[in-house]
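Down below is the structure, laid out as structure tokens.
Values in this text are rule-based calculations from the coordinates and carry no lab data. Please read all numbers here as calculations on a predicted model, not as lab measurements. Cβ: placed from backbone, ideal geometry, glycine included. Neighbour counts: every protein chain shown.
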2 protein chains.
Amino acid sequence: MFIAILGFGTVGSGVMEVIEKNADRIAQNAAQEIKVKYIVDVRDFPGNPYESLIVKDFSVVENDPEVKTVVETIGGTGVAYDFTRRCLLAGKNVVTSNKELVATHGHELIEIAKQKNINYLFEASVGGGIPILRPITQCLAANKIDDVYGILNGTTNYILTEMIANGTSFDDALKAAQKMGYAEADPTADIEGHDACRKICILSALCFGRHMYPQDVPTQGITGVKAADVENASRIDCKIKLLGRAIHYGDKVAAYVAPHLVSRRNLISSVEGVMNGIVVRGNAIGDVMFYGAGAGKYPTASAVVADVIDAAKHLAARKYIGWEDGGPEYVYPAELVESRWYVRCGAEESAVKAAFGDAEFIDGAAGGQCAFVTGSMSKKAVDELAAGLDARTVLRMLD
Amino acid sequence: MFIAILGFGTVGSGVMEVIEKNADRIAQNAAQEIKVKYIVDVRDFPGNPYESLIVKDFSVVENDPEVKTVVETIGGTGVAYDFTRRCLLAGKNVVTSNKELVATHGHELIEIAKQKNINYLFEASVGGGIPILRPITQCLAANKIDDVYGILNGTTNYILTEMIANGTSFDDALKAAQKMGYAEADPTADIEGHDACRKICILSALCFGRHMYPQDVPTQGITGVKAADVENASRIDCKIKLLGRAIHYGDKVAAYVAPHLVSRRNLISSVEGVMNGIVVRGNAIGDVMFYGAGAGKYPTASAVVADVIDAAKHLAARKYIGWEDGGPEYVYPAELVESRWYVRCGAEESAVKAAFGDAEFIDGAAGGQCAFVTGSMSKKAVDELAAGLDARTVLRMLD
């Protein structure tokens, strides 16, 4: 099978290298050779070993009937969206690592693929190389899933791990992440939770069968997490982790991204550094977790090429991967999801008791007059009760 | 699609219940209804809600062309082997949770399925409900895998977790496991490592493409692990875990089962109680881990029914799951696999230094004159060097 790669950046070049390096194993698993015919990129790559494959004009790919599958690693929702639509309409399978595009236009693109009896596959869009798309759609096919959550962003997990392990401040941990190449010069998409938001949208759609749009997912990043919160969490045997989560409520789904206090007894609290972990809860299997490198050139390429192999094996028969459209009526408000809450505040314990009643205070709490854990309640309720308490940090507990 | 269930024990009845309970989701994922036509069991089940489906004569299933897929949950290599062969020869897909049968006769049964253009599927045979068969064969298809290891037996992990968390002796922890229903009255297959051995054989075949026979896998259980070893491991920030492991060496594979000292920094050390965790190392993805309930009625049924759904979707097209035969020439001797080693002994440090040179002694070691960690060497080498040191426990380090 001939393929083309759109975008010759980190992931695109990783795909090219993995296809070359593991050619034997890939050919065996795909029951045919996989050959890259074109790489589409507007830039020049003088001296690059694959220079001869590079074309600047996308229509060369679009109009070449020999190209059966196209790998899109451009990113974003601009040209990537246009090219993906055109490839699908031209009857070519598309494989992508572009989480923003899948989270925003996934349902529409899957519908086109369905009409054309081809595949739009996106294993690499969530959890980098971690197998998740097939485990959810195939291996858990006998389960009703009611909850999915995960550490979906390596940059923020690295920052939080540094803060927890070494007592580093957020600013210093971010600088360390940038120095290590784990964070971009503009880290907004990571630290404000936008990247995790796109990924939980995709996981929600896979698990619950309808599109979840990013604008319906309240998203809180980690910039408000202070060293005092990390320390207080540790005093009650918890770690702070940024989680994306989607929960099924009858015919609706609540999804959100926020930092949580996670008990050290929960395995996901041990997912450290740039690694990702995704937990899926099914009514037969219970909790399963998938763990691995959530980003990086070769892990992401590993997932992309697995999809290419699958596309090669299903040229004549579409796979059953897709979901119905979503919309406002499908969204259960995240602010109504109940959990216990961690609160750090400037008020005295007596004022807290007057407001919350059964709060569990954290001994020797740092960063204020006191810190405590509430009983189970909604975000709306905790915000109202904490309003008069000079609350500095309010975080969910993962129960 | 009509199916039959062979064996109405824990797993068989779990399969029946999951098929009933999640019928909607299963029908949607299989794109057809899954109906149980027969349950084959020699016992009587008076008053059981599925009594009307029970037949004692297997040939009823064998000779009914309407039954397209058969679930084998009998266990063992006797009648289960005979019935599986006959179902496959009759052109029926077979789905199983029977690790002993797959580990012993997997290659032969897969070959029959191949000739008949049907499927022999066994997701539930390793890691209970944890998705592993498809993740390895499909999601990691772009990787050259060189190492696979895991906590593959919940009973022994429960016993070790009790010993580590509460300082319990092996005997008391085993009694607790029996009381909780995690261990059989005759726990030999678990505590001597035979169950883990069968599972690592299957994982090795899936990852490396050739059958690994149980008799070629040196297997050491946990009966030799003492409280002193647990304590000494803890002093160097390790936990003792029973691991099955298979490593690729050129054209050969070394597989073995043994208790290991695992650093607490390795996520698998946090897999506690009856849970299982499986790590696969690929040359593009790096390490991935799959975690979940490795046994139990509903988790195992979850995996069995996922295979039934897959069989229903591939009635006309065989899946690419299988491997070549193995044999003695394929086996790399496990005793030549190098690692560091933990040794507890009755000899003085000076004698240890004379024998091993660069040993790292464990401060305040319990249960002997001293305990130490060696440099990297084979089992053969450590056994020879430790021979004169009154060695009481010799365990691999997971490096």
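Size check on segment A:132-215: the Cα extents along the three principal axes, sorted descending, read 45, 27, 18 Å.
Using only alpha carbon pairs under 8 Å that are at least six residues apart, calculate the relative contact order of segment B:166-310 and give it in whole percent.
Relative contact order here is 17 percent.
The GluC sites (Glu not before Pro) of segment A:1-91 meeting both criteria, a DSSP state outside H, G, I, E and B (loop) and at most 14 other C-beta atoms within 10 angstrom of the site's C-beta, are A:33, A:66. The lysines within cross-link reach of residue B:56, meaning a Cα-to-Cα straight distance under 16 Å and a gap of 8 or more places when in the same chain, are B:37.
Placing a label point 7 Å from Cα along the Cα-to-Cβ axis, residue A:166 is separated from the same position in the other copies by 4.0 nm, shortest listed first. Spin-label model, residue B:340/residue B:60: points 7 Å from Cα along the beta carbon direction are separated by 6.1 nm.
If you build the Cα gyration tensor of segment B:1-122 and take the root of 5 times each eigenvalue, what three semi-axes come out, in whole angstrom, biggest first? Please report the intermediate quantities before stating the final value.
Details: eigenvalues 93, 60, 37 Å².
Semi-axes from the Cα gyration tensor: 22, 17, 14 Å.
The alpha-carbon of residue A:68 sits under 15 angstrom from the alpha-carbons of these aspartates and glutamates, leaving out residues fewer than 8 places away in its chain: A:33, A:307, A:310. Take every Cα pair under 8 Å whose residues are at least 6 apart in sequence, average their separation, divide by the length of segment A:134-241, and the relative contact order is 31 percent.
I need the trypsin sites (Lys or Arg not before Pro) found in segment A:219-296, filtered to DSSP loop residues with at most 16 other beta carbons within 10 Å of theirs. Before the final figure, lay out each step's value.
Values: sites: A:226, A:235, A:239, A:241, A:245, A:252, A:264, A:265, A:281; in loops: A:226, A:264, A:265.
Counting only loop positions with at most 16 other Cβ atoms within 10 Å, the trypsin sites (Lys or Arg not before Pro) in segment A:219-296 are A:264, A:265.
For the pair segment A:132-157 and segment B:147-219, the centres of their Cα atoms are 27 angstrom apart. For residue B:71, the residues whose modelled amide H falls within less than 5 Å of its own, excluding neighbours fewer than 5 places apart on the same chain, are B:4, B:5, B:6, B:95.
What does the convex hull of the Cα atoms come to per residue for the protein assembly as shown, in Å³? Intermediate values should be presented prior to the final figure.
Values: hull volume 141.9 nm³, N = 798.
About 178 Å³ per residue, rounded to a whole number.
Look at the stretch A:128-134: the mean tally of other chain Cβ atoms within 10 Å of its residues' Cβ atoms is 6.
Using the 10 angstrom Cβ neighbour count as an exposure proxy, how do B:302, A:204, B:59 rank, fewest first?
Numbers: B:302 33, A:204 30, B:59 11.
Ascending Cβ contact count within 10 Å gives the list B:59, A:204, B:302.
Just check segment B:1-67 against the gyration tensor rule for me: Cα atoms, a ≥ b ≥ c as the square roots of the eigenvalues, rounded for a/c under 1.5, and otherwise prolate or oblate depending on whether a/b exceeds b/c. It is oblate, given that a/c is not under 1.5 and a/b is not larger than b/c.
Can you tell which of B:180, B:377, B:212 shows the greatest fluctuation in a Gaussian network model of chain B with Cα springs below 10 Å? Residue with maximal mean-square fluctuation among B:180, B:377, B:212: B:180. For chain B, the Kirkwood estimate of hydrodynamic radius, built from reciprocal distances between every pair of different alpha carbons, is 22.2 Å. If you build a Gaussian network model of chain B, linking Cα atoms that sit under 10 Å apart, which residue out of B:258, B:355, B:311 swings the most? Judging by the Gaussian network model, the answer is B:355.
Where does the Debye-calculated log10 I(q)/I(0) of segment A:338-397 sit at q = 0.14 Å⁻¹, using only Cα point scatterers of equal weight, no solvent? Once normalised to I(0) and log-transformed, intensities are -0.29. Legend: ranking of residues A:370, B:201 from fewest to most surrounding C-beta atoms inside 10 Å; resulting order A:370, B:201.
Counting Cβ atoms of other protein chains within 10 Å of each residue's Cβ and taking the mean over peptide B:268-280 gives 2.
The ranking of B:126, B:15 from fewest to most other beta carbons within 10 Å of each one's beta carbon is B:126, B:15. Here is how far apart the residue B:59 label points are across copies: 7.2 nm, shortest first, using a point 7 Å from Cα toward Cβ. The simple Förster model, with R0 at 56 Å and r as the Cβ-Cβ distance, assigns residue A:350 and residue A:179 a FRET efficiency of 0.75. Between the alpha-carbon centres of segment B:322-383 and segment A:361-399 there is a gap of 51 Å.
May I ask you to derive the relative contact order of segment A:1-100, considering only C-alpha pairs under 8 Å and at least 6 residues apart, and to give it as an integer percent? List each step's numbers first, then the result.
Numbers: 147 pairs, mean separation 33.0, N = 100.
Taking the mean separation of contacting Cα pairs over the length of segment A:1-100, I get 33 percent.
Which of B:298, B:50, B:332 ends up with the largest GNM mean-square fluctuation for chain B, with Cα atoms connected below 10 Å? Looking only at B:298, B:50, B:332, the biggest GNM fluctuation is shown by B:50. Please tell me which of these pairs span more than 18 angstrom C-alpha to C-alpha: A:99/A:175; A:114/A:319; A:114/B:319; A:252/B:35? Checking Cα-Cα distances, A:99/A:175; A:114/B:319; A:252/B:35 exceed 18 Å. Under the combined filter of DSSP loop state and at most 15 neighbouring Cβ atoms within 10 Å, segment A:151-247 retains these GluC sites (Glu not before Pro): A:184. For residue B:360, the point set 7 Å out from Cα toward Cβ sits 3.7 nm from its twins in the other copies, listed from shortest up.
Taken along the Cα-to-beta-carbon direction at a fixed 7 Å, the label points for residue A:378 and residue A:82 span 4.4 nm.
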